[in-house]
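Chemist: For reference, the structure I am asking about is given below.
The values are calculated or read from the model by the stated rules, or taken from the named source; none is laboratory data. Keep in mind that what you see is a predicted model, and the values were worked out from it rather than measured. So basically every Cβ, Gly included, is an ideal-geometry build from the backbone, and we count neighbours across all protein chains shown.
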Number of protein chains: 2
Amino acid sequence: MKGAEAVVRTLADCGVTTCFANPGTSEMHFVAALDTVPELHGVLCLFEGVATGAADGYGRMTGRPAAALLHLGPGLGNGLANLHNARRARTPVLAIVGDHATYHSRYDAPLESDIDALARSVSGWVRRSARSADAGADAAAAVAAALTPPGQVATLILPADVTWTDDGVTAAPVTARPAAPVPAIVVEEAYGAVCGAGSTGRSGETAVILLGGAGLTRPALEAASRIASATGARMMAETFPARMERGAGVPSVPRLAYLVEQAAAQLAGTLHLILAGARAPVSFFAYPGKPSTPVPDGCQVHVLAEPGDDVPGALTALADLAAPATAPVPQQAARPEIPDGELTAESAAAAIGALLPEGAIVCDEANTSGLWLPGATAGAPSHDWLSLTGGAIGQGLPVAAGAAIACPGRPVLALEADGSAMYTVSALWTYAREELDVTTVIFSNRSYAVLSMELERTGAAAGPTARSLLDLSRPDIDFTAFATGMGVPASRALTAGEFAGQLQRALAEPGPHLIELALGGRR
Amino acid sequence: MKGAEAVVRTLADCGVTTCFANPGTSEMHFVAALDTVPELHGVLCLFEGVATGAADGYGRMTGRPAAALLHLGPGLGNGLANLHNARRARTPVLAIVGDHATYHSRYDAPLESDIDALARSVSGWVRRSARSADAGADAAAAVAAALTPPGQVATLILPADVTWTDDGVTAAPVTARPAAPVPAIVVEEAYGAVCGAGSTGRSGETAVILLGGAGLTRPALEAASRIASATGARMMAETFPARMERGAGVPSVPRLAYLVEQAAAQLAGTLHLILAGARAPVSFFAYPGKPSTPVPDGCQVHVLAEPGDDVPGALTALADLAAPATAPVPQQAARPEIPDGELTAESAAAAIGALLPEGAIVCDEANTSGLWLPGATAGAPSHDWLSLTGGAIGQGLPVAAGAAIACPGRPVLALEADGSAMYTVSALWTYAREELDVTTVIFSNRSYAVLSMELERTGAAAGPTARSLLDLSRPDIDFTAFATGMGVPASRALTAGEFAGQLQRALAEPGPHLIELALGGRR
């Protein structure tokens, strides 16, 4: 069998069932092999950033890697920003990059480029398959690498002749290595921090448990909630979780703020910061005269569980020590009223909170317009919240495609800022082709609003030229035209009531829909 | 003055007048500095690939670098594919990448990534500015590097604190280093090859002069035409020229074919291949059983002029030796009739040939649909032809934006394949904002047609799954909706006559227009 078929069969045997593809000539044998291995479903994306972002969304929801099939260095380049986000999300993702035939590289053909260097910048594992006989084993090793807890980007570079040569052999399937258990001594140290080391005796009120990664799944949140109830320690979530379970019935946890001074205020007085699947917090950007981290001076940082450890297990062990008789405190069901009147980011959030269906997957790239979303949706039926992990905008629409393919029975809501949507808008086409149940809401404020804020925070003096470079009007962008131009039914909402009605209908109908929110009272 | 202002003033003093920008927080001081230096015009692009492709188009038309302002590693990643194309085009381009403040890097904030590694993959020159006092000098060095003949991508990485610290100083402007003259002995060797070394005595019929880079400007083409007329040597152009002058009054030169077997047929019998600004030709891809180069066995390759040499000067010197009394043979004016009837790639090419205005700049990413364009436009009024140099699709629309800004008086025609257009379609928004006189023609055949051909050529067995991954229907894409959604007037042509009428109107009106060609008789 050809090397390509050995790769594709091995991937399928390893449980890889989806390949988000934007192929070129060097990937043609891989593409052809998909016909012989129907277990691996090929999903066409019209831009590589859609393919890599979709693989991220798929991996966040399943814990298993999808493949993203990319065309040489430029294809990988187009996919890099969302692989960067996947790296920050610690998502298992398998990037497969076709290359020229091994013997052709020395000719420096037009598409020749340093694939390996690009791959290393976002991948925890990179391998270049050297011969067809090894390609199956390389594919299995790539899946194993992607599944290394907590998950990472693994990149397999496949030269064209490796895929078309006939001595391919499949490799035995790999299984995921379990997350490492946390030693009892580490749990006991954290126990001391939450229960014995506060300035007020046995109170945990000067301790904060910072949750990230698998620390934001329901079992982990329930354990953390028990600890908080019993000790007075506060639980908080990292600023941009890859995936967070929340809503009615799930213990609620506030997120650390994006702005470093707000995060510092949240952490003020903390003497013990206990990390459970999260990294020590840092400022997203540096600003003149502002600190690079919100952690207070003198605060002791304890690592209860690294992201690759068994985070829920460690939290449960800590809860059993610190709160043996305490039950978790679930979030009560509560929804805002369906709003009417002016359409603002706040009333839009209320409409979403009022209507969010049970089991929804929310892909949040609403950025500044999303400020009211956490509050408005806190008591909605239980759902998953996926956020922009690496700061590279253009993630939300692709991630929603991957989440929808990963979880065919669940409604997906993509909440998108207008500026961010423009980076990977062709994801809508994939929604339509695959008939994905994704409802896209575009928060159209016609500006890079986050940058208007950041401009001031960096102390830069903004004149009219600078302002014009943050302005998305002149011309206004009509996202309903984009959507209908790619086969996605679309509407525009001018009032909160219109939005609520449109959202209700979109959620009731299967398949993709897009609603553009004309924020600021525009027509 | 702040480091950012020192950079921006120095760039303006060095003749950099345009900055294609997709900025983020770390670039805010650079953006603010644009208000104090109005000589540097900021052009907002909604995706980094548009900014880098526009800088490529600008540089091809002016020989001077425009800046592309990008946001950390992910922004550079999104711009890499078109920087790859610019590298292959040997265009002077200045990539300016903002980074975190120097002291903030150690915190590994979410957007931290290996900018330097990404930059090196596409740049001939990379520098990371270390302190504000040096930033002006670094900017001047970057311009000088970009202008190194024949031109290259120079990347300047600007940490945020370098831009906001107050001890910036401007640097003296740099001027372009002239291309190196070619020594007489090299010209004489080429003279021997075209005039003295053929198998039929003094005939040059077994010699081919392969022109690339500056070898495709009018003076170079006129010199090559004289040589060809006097000696019987054939002149040919590289397959994908960055910029080629052609049309009535300019000597006409056929391009080497894309497919290696066709190129090999064009070069069959060649004993001397004389390179003038071009590289020795190679196959774009490798295929089982096909050669990696079309150069015949036993053919001697002579380098008359490297791309960075004075290529027109070398050709003129050779012409003065080989053809002292011979005049160049200009292309005669000749246009196809305005077509009517069925709309095909061939009749569309005829309409373009019939209507192409004098001085037009054609940005050609029509790919397989463009097969008839060179023939149909050969005798049109003189124009420039810009092609896809590096094989990374998504180049044409951005390059057209840059060309239009570089040459405000000239009409620009962007000829785009539908698949390629989807990578950087937001370029249309920049056309509208800047009111650019770009007429975009989308050759909508609803497939990655080049891959259908390549699938067969690679010997891959295509089943229905493979075919579906090359198919751009289900859903059909409506490019007129995209265009009007971004403020660009648009129409759809169903017949050749409709297209001709729409093209005539679009060319007559200032500002951007888009025409979607419904190829294959679709409605």
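Okay, residues lined up against (1) closer than 30 Å to B:Pro23 by Cβ; (2) of a type outside the set (D, E, K, R):
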site	(1), (2)
A:Leu472	yes, yes
A:Ala481	yes, yes
A:Arg492	yes, no
A:Leu507	no, yes
A:Pro512	no, yes
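Chemist: Just to check your reading of the model, which residue among B:Ala4, B:Ala89 is in contact with a strand residue (DSSP E or B) (Cβ under 9 Å, 6 or more places away or on another chain), within 21 Å of B:Ala404 (Cβ to Cβ) and either surrounded by 24 or more Cβ atoms within 10 Å (Cβ to Cβ) or aliphatic (A, V, I, L, M) (or both)? Walk me through it before giving the result.
Modeler: Values: B:Ala4 fails: within 21 Å of B:Ala404 (Cβ to Cβ).
Step by step, each of B:Ala4, B:Ala89 is checked, and only B:Ala89 is in contact with a strand residue (DSSP E or B) (Cβ under 9 Å, 6 or more places away or on another chain), within 21 Å of B:Ala404 (Cβ to Cβ) and either surrounded by 24 or more Cβ atoms within 10 Å (Cβ to Cβ) or aliphatic (A, V, I, L, M) (or both).
Chemist: Out of A:Ser123, A:Ser113, A:Ser105, A:Ser132, I need the residue that is among the hydroxyl-bearing types (Ser, Thr, Tyr) and in contact with a Leu (Cβ under 7 Å, 6 or more places away or on another chain). Which one?
Modeler: After applying the criteria, what remains is A:Ser113.
Chemist: Mind listing just one residue for me: the one in the range B:430-465 that is of a type in the set (S, T, N, Q), in contact (Cβ under 8 Å) with a residue 40 or more places away in the chain and in contact with a strand residue (DSSP E or B) (Cβ under 7 Å, 6 or more places away or on another chain) and, of those, farthest from the other protein chains (Cβ to nearest Cβ)?
Modeler: Only one residue tops the list, namely B:Thr439.
Chemist: Residues that are more than 28 Å from B:Val438 (Cα to Cα), in contact (Cβ under 8 Å) with a residue 12 or more places away in the chain and outside the structural domain of B:Gly396 (by TED's automatic domain parsing): find the helices (runs of 4 or more DSSP H) completely inside the range B:28-121 holding 3 or more of those.
Modeler: B:28-33, B:72-89
Chemist: Here's something else I'd like to know. Give me a count of the residues in the range A:285-328 that are assigned to a loop (DSSP other than H, G, I, E, B), touching a Pro at 6+ places or on another chain (Cβ under 6 Å) and touching a residue at least 40 places away in the same chain (Cβ under 8 Å).
Modeler: Selection size over the range A:285-328: 4.
Chemist: Also: When A:Ala460 is evaluated against the numbered criteria (1) buried (at least 23 other Cβ atoms within 10 Å of the Cβ); (2) over 30 Å from B:Val37 (Cβ atoms), which criterion, by number, is the only one it fails?
Modeler: It is condition (2) that A:Ala460 fails.
Chemist: Looking at B:Gly49, B:Gly77, B:Gly124, which is the one that is surrounded by 24 or more Cβ atoms within 10 Å (Cβ to Cβ) and either more than 16 Å from the chain's Cα centre (by Cα) or over 23 Å from B:Gly391 (Cβ atoms) (or both)?
Modeler: B:Gly77
Chemist: Looking at the range A:507-514, can you tell me whether even one residue there is without any contact (Cβ under 8 Å) to a residue 12 or more places away in the chain, assigned by TED's automatic domain parsing to the domain that holds A:Thr368 and in contact with a Phe, Trp or Tyr (Cβ under 8 Å, 6 or more places away or on another chain)?
Modeler: No, the range A:507-514 has no match at all.
Chemist: If you don't mind, there's one more thing I want to ask. Across the range A:336-367, which residue is surrounded by the most Cβ atoms within 10 Å (Cβ to Cβ) among those that are among the small types (Gly, Ala, Ser) and assigned to a loop (DSSP other than H, G, I, E, B)?
Modeler: Restricting to residues being among the small types (Gly, Ala, Ser) and assigned to a loop (DSSP other than H, G, I, E, B), the top hit is A:Ala366.
Chemist: Let me ask something else. Can you name the condition, by its number, that B:Asp161 falls short on among (1) more than 9 Å from chain A (Cβ to nearest Cβ); (2) assigned to a helix (DSSP H, G or I); (3) surrounded by 20 or more Cβ atoms within 10 Å (Cβ to Cβ)?
Modeler: (1)
Chemist: Looking at the range A:483-501 only, could you name the residues that are within 12 Å of chain B (Cβ to nearest Cβ) and either crowded, with 19+ Cβ neighbours inside 10 Å or in a helix (DSSP H, G or I) (or both)? Break it down stepwise before answering.
Modeler: Pass one, the range A:483-501, residues within 12 Å of chain B (Cβ to nearest Cβ): A:483-490, A:492.
Across the range A:483-501, the qualifying residues are A:Ala483, A:Thr484, A:Gly485, A:Met486, A:Gly487, A:Val488, A:Ala490, A:Arg492.
Chemist: Something else now. Could you run through the range B:502-518 and say how many residues are farther than 16 Å from B:Arg492 by Cβ and in a helix (DSSP H, G or I)?
Modeler: Of the residues in that region, 2 qualify.
Chemist: Do we find a residue being touching a residue at least 12 places away in the same chain (Cβ under 8 Å), of a type outside the set (Asp, Glu) and within 9 Å of chain B (Cβ to nearest Cβ) anywhere in the range A:125-140?
Modeler: No, the range A:125-140 contains no residue that is touching a residue at least 12 places away in the same chain (Cβ under 8 Å), of a type outside the set (Asp, Glu) and within 9 Å of chain B (Cβ to nearest Cβ).
Chemist: Would you point out the residue of the range B:506-523, among those that are out of contact with any helix residue (DSSP H, G or I) (no Cβ under 6 Å at 6 or more places or on another chain) and farther than 16 Å from B:Val412 by Cβ, that is farthest from the other protein chains (Cβ to nearest Cβ)? Walk me through it before giving the result.
Modeler: Of the range B:506-523, the ones out of contact with any helix residue (DSSP H, G or I) (no Cβ under 6 Å at 6 or more places or on another chain) are B:506-511, B:518-523.
From the residues that got through so far, the ones that are farther than 16 Å from B:Val412 by Cβ too are B:518-523.
Details: B:Ala518: 14, B:Leu519: 17, B:Gly520: 18, B:Gly521: 21, B:Arg522: 15, B:Arg523: 16 Å.
By that ranking, first place goes to B:Gly521.
Chemist: May I pose another question? Any idea which of A:Pro307, A:Pro296 is in contact with a Lys or Arg (Cβ under 6 Å, 6 or more places away or on another chain), assigned by TED's automatic domain parsing to the domain that holds A:Ala214 and not polar (S, T, N, Q)?
Modeler: Selected residue: A:Pro307, the only one of A:Pro307, A:Pro296 that is in contact with a Lys or Arg (Cβ under 6 Å, 6 or more places away or on another chain), assigned by TED's automatic domain parsing to the domain that holds A:Ala214 and not polar (S, T, N, Q).
Chemist: Only one residue in A:Ala380, A:Ala392, A:Ala401, A:Ala417 is under 19 Å from A:Tyr448 (Cβ atoms), surrounded by 24 or more Cβ atoms within 10 Å (Cβ to Cβ), touching a residue at least 60 places away in the same chain (Cβ under 8 Å) and not basic (Lys, Arg). Which one?
Modeler: Result of the check over A:Ala380, A:Ala392, A:Ala401, A:Ala417: A:Ala392.
Chemist: Take the conditions under 25 Å from B:Ala483 (Cβ atoms), surrounded by 18 or more Cβ atoms within 10 Å (Cβ to Cβ) and in the same structural domain as A:Leu415 (by TED's automatic domain parsing) and apply them to A:Thr480. Does it pass?
Modeler: yes
Chemist: Run down B:Ser468, B:Ser420, B:Ser473 and say which single residue is more than 8 Å from chain A (Cβ to nearest Cβ) and more than 22 Å from the chain's Cα centre (by Cα).
Modeler: None of the others qualify; the one that does is B:Ser473.
Chemist: Have a look at A:Ser105, A:Ser113 and point out the one that is closer than 28 Å to A:Ala392 by Cα, modelled with pLDDT of 95 or more and within 14 Å of chain B (Cβ to nearest Cβ).
Modeler: Every option except A:Ser113 fails the conditions.
Chemist: Additional query: Is it the case, given these coordinates, that B:Val50 is farther than 23 Å from A:Ala119 by Cβ, modelled with pLDDT of 95 or more and at the interface with chain A (Cβ under 9 Å from one of its Cβ atoms)?
Modeler: Values: farther than 23 Å from A:Ala119 by Cβ: yes; modelled with pLDDT of 95 or more: yes; at the interface with chain A (Cβ under 9 Å from one of its Cβ atoms): no.
Answer is no for this residue.
Chemist: Those residues that are in contact with a strand residue (DSSP E or B) (Cβ under 8 Å, 6 or more places away or on another chain), of a type in the set (A, V, I, L, M) and away from chain A (no Cβ under 14 Å), I need them from the range B:256-274; list them, please.
Modeler: Pass one, the range B:256-274, residues in contact with a strand residue (DSSP E or B) (Cβ under 8 Å, 6 or more places away or on another chain): B:256, B:266-267, B:270-274.
Checking the rest, the ones that are also of a type in the set (A, V, I, L, M) come to B:256, B:267, B:271, B:273-274.
Hits for the range B:256-274 are B:Leu267, B:Leu271, B:Leu273, B:Ile274.
Chemist: What pairs come out if I take residues in the range A:149-165 that are within 23 Å of A:Val122 (Cα to Cα) and pair them with residues that are in a loop (DSSP other than H, G, I, E, B) and charged (D, E, K, R) whose C-beta lies under 7 Å away, six or more apart or interchain?
Modeler: A:Pro149/A:Arg177; A:Pro150/A:Arg90; A:Gly151/A:Arg90; A:Gln152/A:Arg90
Chemist: Something else about it: Quick test for you: out of A:Gly511, A:Gly487, pick the one residue that is within 30 Å of B:Glu435 (Cα to Cα) and modelled with pLDDT of 95 or more.
Modeler: A:Gly487
Chemist: Regarding the range A:495-502, can at least one residue be identified that is touching a residue at least 12 places away in the same chain (Cβ under 8 Å), within 21 Å of A:Ala345 (Cβ to Cβ) and touching a Pro at 6+ places or on another chain (Cβ under 6 Å)?
Modeler: There is at least one residue in the range A:495-502 that is touching a residue at least 12 places away in the same chain (Cβ under 8 Å), within 21 Å of A:Ala345 (Cβ to Cβ) and touching a Pro at 6+ places or on another chain (Cβ under 6 Å).
Chemist: Considering only residues that are in contact with a Cys (Cβ under 9 Å, 6 or more places away or on another chain) and surrounded by fewer than 24 Cβ atoms within 10 Å (Cβ to Cβ), which ones fall in the range B:22-41?
Modeler: Matches in the range B:22-41: B:Leu40, B:His41.
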